C-alpha cells in the first residue's frame, strides 16, 4: 500500500461504542462498513502519522506501516483517497489538535433522524468524522460532506465519508 498525505484511514472497530455506531449505520444506511476514521497527515519510510478524534480528543497517532497493511489485509481498515487535491493537511490537522472529544455529538446524531441540520458542539469539540471533514474542507476548500448530505458537521459519521462520492476507497 502506498500511503499518501490527505488519505483517510477508516476503521471497523469493536467495543461498546463501535457496536452502537454499527447499529446506527445499519438503521441509517442499511449497511455498516466503518465505525471510525482519521486522516493521514505525514508518511515516513516506516510509519504513518494519522490525526484522529478519540476519547483523548483530536490527537496524532503513529502507526507502523506493516501493522496498517496487515489490518487492511484482514479487512479491519480501509484507505480512502479524496477525489480533489488537498494542501497543507498537516497544518490543518494541527489547527484542531487538542480539541476535546464531542461526546454530545452522539446525541446530535441520534436527533438528526428528526432534525437533520441540528448542530450542538461546533468545532470546539470533535468526533472523528467531523474532524476529518473539517480538515479536508480546510485543505481543499471544495470537499464538503455536510453540503453533500445536507447535514451539519456535528452529525457526519464515518459511514457518510466512506460512502461519499468525494472519496475513492482504495482498499476493500
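The values are calculated or read from the model by the stated rules, or taken from the named source; none is laboratory data. None of these values were measured; they are calculated from a predicted model. When we count neighbours, we look across all protein chains shown, and the Cβ atoms used for this are built from the backbone with ideal geometry, even at glycine.
Here are some notes:
- A single member of 4, 60, 28 is assigned to a loop (DSSP other than H, G, I, E, B) and either under 21 Å from residue 137 (Cβ atoms) or touching a helix residue (DSSP H, G or I) at 6+ places or on another chain (Cβ under 9 Å) (or both), and it is 4.
- Considering residues of the stretch 132-151 that are in contact with a helix residue (DSSP H, G or I) (Cβ under 6 Å, 6 or more places away or on another chain) and in a loop (DSSP other than H, G, I, E, B) only, the residue surrounded by the most Cβ atoms within 10 Å (Cβ to Cβ): 143
- Qualifying residues in the stretch 1-52 (those that are modelled with pLDDT of 90 or more, more than 22 Å from residue 149 (Cβ to Cβ) and exposed (fewer than 13 other Cβ atoms within 10 Å of the Cβ)) - the one nearest to the chain's Cα centre (by Cα): 2
- Pair list, Cβ < 6 Å and 6+ apart or interchain, from the stretch 71-88 residues that are on the phi < 0 side of the Ramachandran plot to residues that are surrounded by fewer than 21 Cβ atoms within 10 Å (Cβ to Cβ) and in a helix (DSSP H, G or I): 77/71; 84/140; 86/140
- Given (1) farther than 19 Å from residue 1 by Cα; (2) modelled with pLDDT of 95 or more; (3) part of a helix (DSSP H, G or I), index of the condition residue 66 fails: (1)
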